[in-house]
Every structure is written in structure tokens, then in C-alpha cells.
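Scroll down for the structure; my scribbles are underneath it.
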Amino acid sequence: MSLYNAEVSAGSLLPNESRKLAELLLTVPDSATWTHAIKVDNILQKNSPATAMRQARLIRNRLETLDANGWQMIADGTPELRQQMLLVAAIRHSRLLGDFMIDVYRSRRRRMETELSPGDWDAFLHECMQRDPSVEEWSSSTQIKLQQVVLRILAEASYIDSTRTLRLTPPLLHPRVISYLAAQKDYYTREAMELA
């Protein structure tokens, strides 16, 4: 089993779509109801059913790393709480994202540096190849796409001010996110997100 996968490249945090799907998951839909909501009702408002199903699959895979309490926070929480819970789900779904936040973002913060460097990603991927040789099989276009999506996620979650400047702007973790991670004894995700 590979330590890393490239699934995170399929999309960033997608807050609006994720909120709709969290609401749907709270109704405990069977597969027919789920497919009908995505393909026929087009709750994600996509141009084609195939695009909608592909995006719904990514979001559901992330949301299923949470429980109903997590879905509820995404469905009706403040935008800040929603973004942080979506980041929890994205880290749980992508070890690549979590390790980047711990190995690169956190270490820059510890050294009192104020921004990420454009070269950080290549150095990080090289480290990942040591841990998981399958990373070497990713095409250069996949590697570039992964970098773009990881940086977009960090910008959406307010960890950097933009994908252009890469300036570090670490947010304070919402108390409900801290409680959620503590209750589940999820020390890895908390280490990735809590940078104080």
C-alpha cells in the first residue's frame, strides 16, 4: 500500500459543493438517492453529469473521513469553521497534504520565516520519494497539478495569503475543531493544522 496518492489533485476544498454534500450525507442516502441528487437534481450545478459525479466522488471520499458531527459543522457552521473542517477532511484523505504542512509549512514557521519558497515543493517531493518510491512514477504534469492544488488549499484555509505571494498567514484553530480532533485523538491532523 502506497503512503501517498495523487487524489488531492482532483480539487481544492470546494466549500459550497462540500456543504451541499454534507447536508445530503446527513440524510443517510442510499446509493440511488445519492446518484439522483448528483445526476438528476444536479445539486452541485455542474455542466455535465460525469463532472458532477467525479467531483462528488472526491468530496465524499474526503467527507467520509469525518463523522456526522463533522458533517454538521460543514453543513451549518460559519465559513471559518467550514473551511477548517474541510481542511481536516482533506488532510485525513491526503497524507501528502498533511506531510507538506508538517514538513514544510511548520518548519518555515519554526525558523520564523514569513513565506514559502517556490522550491519547497520539489524538495518536499524528493523527500516523499524516499518514503514512498511510487511517487517517482508521477508525471511532471501531475506533480505540478498537485503543487497548485495544495497551495490553493492552503490559501482557501487562510494558511497563506495567496498562491502568488506564498506569505504565511497561519489562522487560529476554531475551538470546535480543536475539540473535534481531541475527542477523536487525531494528533496527526492537529499537528498539521495547529502551528502555534
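Counting only helices (runs of 4 or more DSSP H) that sit wholly inside the range 1-81, those with at least 1 residues that are of a type in the set (Phe, Trp, Tyr) and surrounded by 16 or more Cβ atoms within 10 Å (Cβ to Cβ) are 31-35, 68-76. Between Ala89, Ala75, Ala155, the distinction of being without any contact (Cβ under 8 Å) to a residue 12 or more places away in the chain, closer than 27 Å to Pro15 by Cα and under 17 Å from the mean Cα position of the chain (by Cα) belongs to Ala155 only. Among residues of the range 23-40 that are closer than 22 Å to Leu86 by Cα, those with a beta-carbon under 7 Å from a residue that is open to solvent by 70 Å² or more (accessible area, probe 1.4 Å) at least six positions away or on a different chain give the pairs Leu26/Gln72.
Within the range 176-193, the set of residues being touching a residue at least 12 places away in the same chain (Cβ under 8 Å) and part of a helix (DSSP H, G or I) comprises Arg176, Val177, Ile178, Tyr180, Leu181, Tyr188, Thr189, Arg190, Glu191, Ala192, Met193. Within the range 157-170, being in a loop (DSSP other than H, G, I, E, B) and open to solvent by less than 50 Å² (accessible area, probe 1.4 Å) holds for Ala157, Tyr159, Ser162, Leu166, Thr169, Pro170.
There is at least one residue in the range 108-119 that is among the basic types (Lys, Arg), surrounded by 13 or more Cβ atoms within 10 Å (Cβ to Cβ) and at pLDDT below 95. Annotation note: of Leu125, Leu146, Leu173, Leu154, the sole residue that is part of a loop (DSSP other than H, G, I, E, B) and either open to solvent by less than 40 Å² (accessible area, probe 1.4 Å) or of a type outside the set (D, E, K, R) (or both) is Leu173.
The values are calculated or read from the model by the stated rules, or taken from the named source; none is laboratory data. Treat the numbers as computed from the prediction; the structure is a model and nothing was measured. In this analysis, Cβ positions are derived from the backbone assuming ideal geometry, glycine residues included, and neighbour counts consider all displayed protein chains. The accessibility values were calculated without ligands, DNA or RNA, using every heavy atom of the protein model including side chains. Shrake-Rupley method; radii C 1.70, N 1.55, O 1.52, S 1.80 Å.
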